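Structure record follows, encoded as structure tokens.
The values are calculated or read from the model by the stated rules, or taken from the named source; none is laboratory data. Quick caveat: nothing in here was measured; it's all calculated off a predicted structure. Using ideal geometry, Cβ is built from the backbone for each residue, glycine included, and neighbour counts are taken over all protein chains shown. All accessible areas refer to the heavy atoms of the entire protein, side chains included, with ligands and DNA or RNA removed. Shrake-Rupley method; radii C 1.70, N 1.55, O 1.52, S 1.80 Å.
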Amino acid sequence: MPRFTRAELDAFRGVTVPDLLPDGELKLLFVGINPGLWTAAVQTHFAHPVNRFYPALYEAGIITERIDPAAGTTPAQRDHITGRGVGICNLVQRATARADELSKAELIEGAAALADLVTCRRPLVVAVAGITAYRVAFARPKAAEGRQPVMIGDSILWVVPNSSGLNAHETVASLAIKYAEPARVAGVLS
């Protein structure tokens, strides 16, 4: 695993990470808030060593190979994820140290850009990871986690917990349960 100084990580402020999307059918699109600095440094979504995203995907059965993204994912690992019909993108493209550095306007613009992506790629389910960002970005201040009463185009919209280590009340096991719900609806899991 790479080691970064604070100064090295700070150099990745504003860097973007490309969306991870399958060439074929997109069944389930996970949407992060924005890349963290570690994620930007290794160019892999949810890559910080204490982030529980990939362990939760594995425990849920969404992926069948363990992935430790802290040093970045390999092409084979990315192919494994996308080969399952799973994609990953972000509401806001620029990397920050913390999601609370984003403005309300950025989140709202991100929701509009996400709608364009979803309209083009037509995933069965879109799972936004983070209730607070979802509430702001989609102007739904009373929204709760789970399946939403609105859709993006023809895609079912879901809100799942953020897997960041800062979301301390969630565990890998609780995240796996909550991530498996939209995965079942999307046909990634039976």
For n ≥ 4 DSSP H runs only, could you compute -39500 (n - 2.57) per run for the chain, divide by its residues and tell me the 222 nm figure to the nearest 500? -10500 deg cm²/dmol
Which whole-number percent is the relative contact order of the chain (Cα, under 8 Å, 6+ apart)? 28 percent
Ordering Thr132, Thr73, Thr5 by the accessible surface of their heavy atoms, 1.4 Å probe, largest first, yields Thr132, Thr5, Thr73
Roughly how many nanometres apart are two label points built 7 Å out from the Cα toward the Cβ at Gln43 and Tyr58? 2.4 nm
Nearest 0.05, what FRET efficiency do Thr74 and Ala139 give at R0 = 30 Å with Cβ-Cβ as r? 0.20
Computed FRET value (nearest 0.05) for Thr119 with Thr5, which takes r as the C-beta separation and R₀ as 30 Å: 0.15
Between the modelled labels at Thr132 and Leu189 (7 Å from Cα along Cα→Cβ) the distance in nm is 2.6 nm
Considering amide H positions built from the backbone, and no H for Pro or chain starts, which residues 5 or more places from Ile152, or on another chain, come under 5 Å of its amide H? Leu157
Overall form of the stretch 140-190 per C-alpha gyration tensor (a/c, 1.5; a/b vs b/c): oblate
Taking only protein heavy atoms and a 1.4 Å probe, what accessible area per residue, in Å², does the stretch 1-114 have with all protein chains in place? 46 Å²
Can you give the accessible area of Thr74 in Å² (nearest 10), computed on protein heavy atoms with a 1.4 Å probe? 60 Å²
With the dipole of the chain worked out from charges on the C-beta (+1 for Lys and Arg, -1 for Asp and Glu) around the Cα centre, which of Val15, Ile62, Val185 lies farthest toward the positive end? Val185
In the chain, helical segments from DSSP H whose Cα atoms cover 15 Å or more along their own axis and that average at least -1.0 on the Kyte-Doolittle scale are 104-121, 172-186
Here the gain from full extension of Asp23 to Ile108, 0.36 nm per residue of separation minus their alpha-carbon distance, amounts to 27.9 nm
Can you give me the solvent accessible area of Ser164 with a 1.4 Å probe, rounded to the nearest 10 Å²? 30 Å²
Quick one: ranking Glu59, Glu106 by accessible area, 1.4 Å probe, largest first, what do you get? Glu59, Glu106
With a 1.4 Å probe and every protein chain kept in, tell me what percent of the accessible surface of the stretch 1-93 is carbon plus sulfur. 51 percent
Short version: ³J(HN,Hα) in whole Hz for each residue of the stretch 132-143, in order, from phi by Karplus 6.51 cos²θ - 1.76 cosθ + 1.60 (θ = phi - 60°), x for Gly and Pro, what are they? 5, 5, 4, 4, 6, 4, 9, 6, 10, x, 9, 4
Interchain or sequence-distant (5+) residues whose placed amide H lies within less than 5 Å of the amide H of Arg147 are Val159
So what does Glu181 come to for accessible area, using a 1.4 Å probe and Å² rounded to 10? 80 Å²
Roughly speaking, what is the stretch gain from Val150 to Glu101, that is 0.36 nm per residue apart minus the C-alpha to C-alpha distance, in nm to one decimal? 14.9 nm
Karplus-derived HN-Hα couplings along the stretch 13-29 (A = 6.51, B = -1.76, C = 1.60, θ = phi - 60°), whole Hz, x at Gly and Pro: 4, x, 5, 9, 10, x, 4, 9, 10, x, 5, x, 5, 9, 8, 9, 10
Given contacts defined as C-alpha pairs under 8 Å and at least six residues apart, what's the relative contact order of the stretch 61-135, whole-number percent? 21 percent
